[in-house]
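Colleague: Questions regarding the structure given below will be posed in turn.
The values are calculated or read from the model by the stated rules, or taken from the named source; none is laboratory data. Please read these numbers as outputs of a predicted model, since none were measured by experiment. Note that each Cβ is placed from the backbone with ideal geometry, even for glycine, and that neighbours are counted across all protein chains shown.
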There are 2 protein chains.
Amino acid sequence: MPAKRYLMTPGPTPVPPQVLAAMAEPMIHHRAADFRKHYGECLARLKQVTCTESDVLLFTASGTGAFESAVVNLCAPGERVVAVTAGSFGDRWVKLAQAFGADVVQLKYAWGETPQAADLEAKLKEIGGAPVAFVVQSETSTGVVSDIEAFAKVAQAAGTTLVVDAVSSLAAVPLEMDAWGVDVVISGSQKALMTPPGLGLAAVSQRAFEHASRVKQPRFYWDWEKTRAAQAKVDAPFTPAVSLVIGMNVALGMILEEGLETAFDRHVRLGRATRAGIKAMGLTLFSPDEDRSAVVTAVNSPAGIDSGDLNKILKDKYGVTIAGGQGDLKGKIFRIGHIGWFDLFDITTTLTAIEIALAELGADIVRGTAVNAAVAAFQA
Amino acid sequence: MPAKRYLMTPGPTPVPPQVLAAMAEPMIHHRAADFRKHYGECLARLKQVTCTESDVLLFTASGTGAFESAVVNLCAPGERVVAVTAGSFGDRWVKLAQAFGADVVQLKYAWGETPQAADLEAKLKEIGGAPVAFVVQSETSTGVVSDIEAFAKVAQAAGTTLVVDAVSSLAAVPLEMDAWGVDVVISGSQKALMTPPGLGLAAVSQRAFEHASRVKQPRFYWDWEKTRAAQAKVDAPFTPAVSLVIGMNVALGMILEEGLETAFDRHVRLGRATRAGIKAMGLTLFSPDEDRSAVVTAVNSPAGIDSGDLNKILKDKYGVTIAGGQGDLKGKIFRIGHIGWFDLFDITTTLTAIEIALAELGADIVRGTAVNAAVAAFQA
């Protein structure tokens, strides 16, 4: 295994040294003033990043835990929920809601297709409405990013509470919770928020809190009201993940110092650079070739090459970790994450390594052009 | 605020520098071989610390989350559960089980009393048995440690699945899960396991897995089978808290290198030293004056002194954080944790600071004897 490592997966993502350093400070008590300072600042910054005046509830959990909080606060057993699915994470939310007795109607796309708000509008009309709908902003398994503003418009018009999975997209691509009228935004610490995994978050609108107050579904750890009440006193109902909160506060400070608009623009350029480099090698994209697809780039593995073999060489020989395909796409695609703590040189490094490794595997690729193409696309 | 800080609370507890350093290493991917090495080792070490051959399931959550996993896997709505309560955490498990529809029968003691297995035996007889019972090993709010071996005997004879809250006690006082026939042990990373908060664990016996397979209660994130199946492949069903797992693996290695028996003996001595010093000052104990009470020492605040004032001076002027009383005990007791990364000098430091601060508050205490008494008790 090479000494230098490069983490290019769509989560967990690289954590800035400043964040790691903050987490390595001596432990402090979660109810003491010194922790409350970090915690209060972190909660306020989360609102800024989510573009909301509402509470962003923090759970010691992975993103799936935070999503479960949306299900148990919003979905009564037997009630209908529409789940927009076009990949691995959409499928997970279907199973999660079904586990809690929801009557899940799927608006199902093939993996790699981009869900359309007009289809949700038609589906809601067809089934006579639904109290809740789920949609994934960035489907990490395929690289597709959906137009959440359009989905929010449809959901609002239908009186449907919209839950957006923004686990891999928050702070990478725009999501204006209040301006767009999104009811619930779910995310996690380990993607564009540049923090190790372990914190899940649920930004909850006033309308969604009211919805939750009417839903009879057992809940304790995930109870939104309990968490809201504690956070109002800069407290947590259960011991929070102190070091992760302190780390995330530093990461959020870095994101806000860069500025959300600048960060979004950077992600667009990172996506463009990746796609340009991939195409210059003569490879074809699995994820859409469009600016919105700025989180993960999914690439079809060249003919005769199992993407698992590519990933193995990259990891074992060159220290570069990228992701493979999930489900039916296993072996057929590879995925490059460019979420969070990434700049142009991370992309050129990844492209260079992929070019070397594919050549070793005997793939029929164009060599020597990917980096230049990436630089040009980034700077355009 | 003084530059040097001393964390003497019963959780979160001080984290060894080696653990902090391990957590500050660059992020790695949770499905890559380098993480699996840490993860597999961590899961194996957890079994050793819990003295079990069964699976120890790891959740990205606080201890309360892990306890919720026991409730949703074992308690069917409407079914009876006996909760042994003698403090704040006992009370929390009552509320948690009630939230999921359990018919909770309380075996209730005053805060500070030590629950007795014979009382559980009588209660189970009185109500005609119960499928599940909860008991707290170390009640952090009072410093009382219960005799779990005796409780397990009673539960086994009654055919009751016993869930033990060992959040603050695991690796501090003996808990031989398999030898004693305990069905479920719940714990968390941030106490004697010397790791920041964020990992909850549930050690589950084969009998408890079978019990869970019969219980109809919606579950997804907390589902034991899902987690067991993933862990069997050295995987996790949802992105685990990578850095905390890596840190806890280092901490567990330190605990096992010291040896469990040596660690237990150290905790007994730390408890003795603390009690001896406290009594030498002329103060009285709230927690029992016995060797088993080796996790937290609770002390009655001297006449006329609000323990909140003591804690404030200790924190703000001397950098020493201890805990106050919870619930009705607020202001009336203070609590010194000695769980995990503690040695004799942590105790003498804390006693010295308490002596100085109480003198400043005008308390009628004996000065100049606490440290000697503590040293003598530790070395006896």
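Colleague: Would it be correct to say that B:Ala376 is surrounded by 16 or more Cβ atoms within 10 Å (Cβ to Cβ), farther than 30 Å from B:Ser189 by Cβ and out of contact with any Lys or Arg (no Cβ under 6 Å at 6 or more places or on another chain)? First the steps, then the outcome.
Modeller: Values: surrounded by 16 or more Cβ atoms within 10 Å (Cβ to Cβ): no; farther than 30 Å from B:Ser189 by Cβ: yes; out of contact with any Lys or Arg (no Cβ under 6 Å at 6 or more places or on another chain): yes.
Considered against the rule, which asks whether it is surrounded by 16 or more Cβ atoms within 10 Å (Cβ to Cβ), farther than 30 Å from B:Ser189 by Cβ and out of contact with any Lys or Arg (no Cβ under 6 Å at 6 or more places or on another chain), B:Ala376 comes out as no.
Colleague: Would you check which residues across the stretch A:26-83 are in a helix (DSSP H, G or I), away from chain B (no Cβ under 13 Å) and hydrophobic (A, V, I, L, M, F, W, C) and list them?
Modeller: Passing the criteria: A:Cys42, A:Leu43, A:Ala44, A:Leu46, A:Val49, A:Leu74.
Colleague: While we're on this one: Does the stretch B:5-23 contain at least one residue that is on the phi > 0 side of the Ramachandran plot and either in contact with a His (Cβ under 8 Å, 6 or more places away or on another chain) or crowded, with 24+ Cβ neighbours inside 10 Å (or both)?
Modeller: The first filter runs over the stretch B:5-23 and keeps only residues on the phi > 0 side of the Ramachandran plot, leaving B:11.
Remaining after also requiring either in contact with a His (Cβ under 8 Å, 6 or more places away or on another chain) or crowded, with 24+ Cβ neighbours inside 10 Å (or both): B:11.
Among the residues of the stretch B:5-23, at least one is on the phi > 0 side of the Ramachandran plot and either in contact with a His (Cβ under 8 Å, 6 or more places away or on another chain) or crowded, with 24+ Cβ neighbours inside 10 Å (or both), which makes the answer yes.
Colleague: Then there's this: Is one or more of the residues making up the stretch A:228-238 more than 14 Å from A:Leu58 (Cα to Cα) and either without any contact (Cβ under 8 Å) to a residue 12 or more places away in the chain or not basic (Lys, Arg) (or both)?
Modeller: no
Colleague: Conditions: (1) out of contact with any Phe, Trp or Tyr (no Cβ under 8 Å at 6 or more places or on another chain); (2) in the same structural domain as B:Leu58 (by TED's automatic domain parsing). B:Val242 meets all but one. Number of the miss?
Modeller: With (1) out of contact with any Phe, Trp or Tyr (no Cβ under 8 Å at 6 or more places or on another chain); (2) in the same structural domain as B:Leu58 (by TED's automatic domain parsing) applied to B:Val242, the lone miss is (1).
Colleague: Can I ask one more? Filter the stretch B:224-238 down to the residues that are in a loop (DSSP other than H, G, I, E, B) and either modelled with pLDDT under 95 or touching a helix residue (DSSP H, G or I) at 6+ places or on another chain (Cβ under 7 Å) (or both), then identify the one that is nearest to the other protein chains (Cβ to nearest Cβ).
Modeller: Going residue by residue through the stretch B:224-238, those that are in a loop (DSSP other than H, G, I, E, B) are B:233-238.
Adding the requirement that they be either modelled with pLDDT under 95 or touching a helix residue (DSSP H, G or I) at 6+ places or on another chain (Cβ under 7 Å) (or both) leaves B:234, B:236-238.
Working: B:Val234: 17, B:Ala236: 9, B:Pro237: 8, B:Phe238: 4 Å.
Across the stretch B:224-238, the extreme among qualifying residues is B:Phe238.
Colleague: What number of residues within the stretch B:84-121 are assigned to a helix (DSSP H, G or I) and within 14 Å of another protein chain (Cβ to nearest Cβ)?
Modeller: Restricting attention to the stretch B:84-121, the residues satisfying the condition of being assigned to a helix (DSSP H, G or I) are B:88-99, B:117-121.
Then drop every residue that is not within 14 Å of another protein chain (Cβ to nearest Cβ), which leaves B:88-89, B:91-99.
Result for the stretch B:84-121: 11.
Colleague: While we're looking at this one, here's another question. When you go through B:Ala203, B:Ala179, B:Ala208 one by one, which is the residue that is in contact (Cβ under 8 Å) with a residue 60 or more places away in the chain, more than 13 Å from every other protein chain (Cβ to nearest Cβ), under 20 Å from B:Ser62 (Cα atoms) and among the small types (Gly, Ala, Ser)?
Modeller: Working: B:Ala179 fails: under 20 Å from B:Ser62 (Cα atoms); B:Ala208 fails: under 20 Å from B:Ser62 (Cα atoms).
None of the others qualify; the one that does is B:Ala203.
Colleague: Looking at the stretch B:249-267, is at least one residue closer than 30 Å to B:Thr114 by Cβ, within 14 Å of chain A (Cβ to nearest Cβ), in contact with a Ser or Thr (Cβ under 7 Å, 6 or more places away or on another chain) and in contact (Cβ under 8 Å) with a residue 12 or more places away in the chain?
Modeller: yes
Colleague: Checking A:Val105 against (1) in contact with a helix residue (DSSP H, G or I) (Cβ under 9 Å, 6 or more places away or on another chain); (2) crowded, with 20+ Cβ neighbours inside 10 Å, only one condition comes out false. Which one?
Modeller: (2)
Colleague: Working carefully through the options B:Phe151, B:Phe89, B:Phe100, find the one that is in contact with a Leu (Cβ under 9 Å, 6 or more places away or on another chain) and on the phi < 0 side of the Ramachandran plot. Lay out the reasoning, then the answer.
Modeller: On the way: B:Phe89 fails: in contact with a Leu (Cβ under 9 Å, 6 or more places away or on another chain); B:Phe100 fails: in contact with a Leu (Cβ under 9 Å, 6 or more places away or on another chain).
Exactly one residue qualifies, and that residue is B:Phe151.
Colleague: Which helices (runs of 4 or more DSSP H) does the stretch B:284-380 wholly contain that include 1 or more residues that are of a type in the set (Ser, Thr, Tyr) and outside the structural domain of B:Trp111 (by TED's automatic domain parsing)? Spell out the reasoning first.
Modeller: Numbers: elements: B:307-318, B:344-360, B:370-379.
Hits in the stretch B:284-380: B:307-318, B:344-360.
Colleague: Return the pair list, or none, for Cβ contacts closer than 6 Å from residues in the stretch B:10-24 that are facing chain A (nearest Cβ under 7 Å) and touching a residue at least 40 places away in the same chain (Cβ under 8 Å) to residues that are of a type in the set (Phe, Trp, Tyr) and surrounded by 17 or more Cβ atoms within 10 Å (Cβ to Cβ), at least 6 apart or on different chains.
Modeller: B:Pro14/B:Trp341
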